[in-house]
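One structure below.
The values are calculated or read from the model by the stated rules, or taken from the named source; none is laboratory data. None of the values given here were measured: they were computed from a predicted structure. Neighbour counts are summed over all protein chains in view; Cβ atoms, including those assigned to glycine, are modelled from backbone coordinates with ideal geometry.
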């Protein structure tokens, strides 16, 4: 017998805010977290646009001998996870007495790696890297740090799958709980926001050039979109089996009812239509739902010509004549990359809880491909009880999550 999988906690560290309430308000009002960085312009970036993600101060929260192991994204993840555990009512005493796992999405640690190797080259001595360098520079740094800081004894795994990383982390946690292998898993994703992590990305001319109006630079689905804007931060959700959550008296926020995934088997950076369409189809099939059951889609749409267009065609292929409301919160946050699947699930949850759909800011008119979907341009007050969230990444990795408002 399969378990139902529920969400009991959420936490966020985003350019839209560092609390759920602040992020909700930013979504509703259409406030953008995108800025023009003079530091990046001076450093030689083609595009100096980026999300404005504040650095957390962990000095009063984490001992110095533990902070030395934590790169930027692990710090974001720690703050988001503290929030999620508090909302879920999971204190350290409970965690110490039960098996709680962690699966987190992360696919780069550029700055920490660069700094350690710069010291090695400067002093010609490997000891110059520092004793924390190895732990900061591994892709699994977030799960290693969080598992030790919160003393987690369940599964400890990093999902490294480009921009689908955190969606796949949530999907795998869903699968483990559904099949009775874990009762409770902390999951999510983190993305470093420093300029070094995306310098090579800027080098392939993937970023928007609309520097004269940063808040309108990310224009998912719009015919005048000219590239993405890099973002960062961290987002954490707590998943539990329904039985486990009810047994400990947790407040249930929503239920994860479906997960679909696929590979394009095609070009390493240029997406196709068939891969994303298969991910959507499998998510609906695994949830036992029809397209018309879905009240809202949070699209992956990053504001690139090919990506947005192919996703629009994939949605149209699966949803047919049903004009489901579609938006991309990346219009406000930029592309949060490894954290995007988790953060966009939280953004969608906040909309569902508060009866609105945040508009795709900057969207004015579609092109021939994006005209196939019903893109909502401005905040709309409307209720929905089921949403679908897409995450697609380099290498043709696709993940689709379906979440339902909680009901007994």
Practice problem: Identify all residues within the range 48-57 that are in contact with a strand residue (DSSP E or B) (Cβ under 9 Å, 6 or more places away or on another chain) and assigned to a loop (DSSP other than H, G, I, E, B); write none if there are none. | Solution: 48, 52, 53, 54, 56
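For (1) at pLDDT 95 or above; (2) touching a helix residue (DSSP H, G or I) at 6+ places or on another chain (Cβ under 6 Å); (3) in the same structural domain as residue 393 (by TED's automatic domain parsing); (4) more than 30 Å from residue 81 (Cβ to Cβ), each residue gets a yes or a no:
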| position | (1), (2), (3), (4) |
| --- | --- |
| 195 | yes, yes, no, no |
| 208 | yes, no, no, yes |
| 214 | yes, no, no, no |
| 218 | yes, yes, no, no |
| 235 | yes, yes, no, no |
| 253 | yes, no, no, no |
| 263 | yes, no, yes, no |
Quiz item: In this structure, does residue 395 turn out to be touching a residue at least 40 places away in the same chain (Cβ under 8 Å), out of contact with any helix residue (DSSP H, G or I) (no Cβ under 7 Å at 6 or more places or on another chain) and surrounded by fewer than 23 Cβ atoms within 10 Å (Cβ to Cβ)?
Solution: yes
Quiz item: Among the residues of the range 99-116, which ones are outside any helix (DSSP H, G or I) and surrounded by 14 or more Cβ atoms within 10 Å (Cβ to Cβ)?
Solution: 100, 101, 102, 103, 104, 105, 106, 107, 108, 109
Self-check item: Subset of the range 14-47 [more than 23 Å from residue 74 (Cβ to Cβ) and in a loop (DSSP other than H, G, I, E, B)]
Solution: 30, 31, 32, 44, 45, 46, 47
Quiz item: Going by the structure shown, is residue 189 under 30 Å from residue 406 (Cβ atoms) and crowded, with 24+ Cβ neighbours inside 10 Å?
Solution: yes
Self-check item: Scan of the range 58-73 for residues that are part of a loop (DSSP other than H, G, I, E, B) and touching a helix residue (DSSP H, G or I) at 6+ places or on another chain (Cβ under 9 Å), ordered by number
Solution: 58, 59, 61, 62, 68, 69, 70, 71
Exercise. Would you check if residue 362 is in contact with a helix residue (DSSP H, G or I) (Cβ under 8 Å, 6 or more places away or on another chain), crowded, with 24+ Cβ neighbours inside 10 Å and either modelled with pLDDT under 95 or assigned by TED's automatic domain parsing to the domain that holds residue 204 (or both)?
Key: yes
Exercise. For the range 117-138, state whether one or more residues are in a loop (DSSP other than H, G, I, E, B), surrounded by fewer than 24 Cβ atoms within 10 Å (Cβ to Cβ) and touching a strand residue (DSSP E or B) at 6+ places or on another chain (Cβ under 8 Å).
Key: no
Self-check item: Single condition residue 240 does not satisfy, out of (1) assigned by TED's automatic domain parsing to the domain that holds residue 95; (2) in a loop (DSSP other than H, G, I, E, B)
Solution: (2)
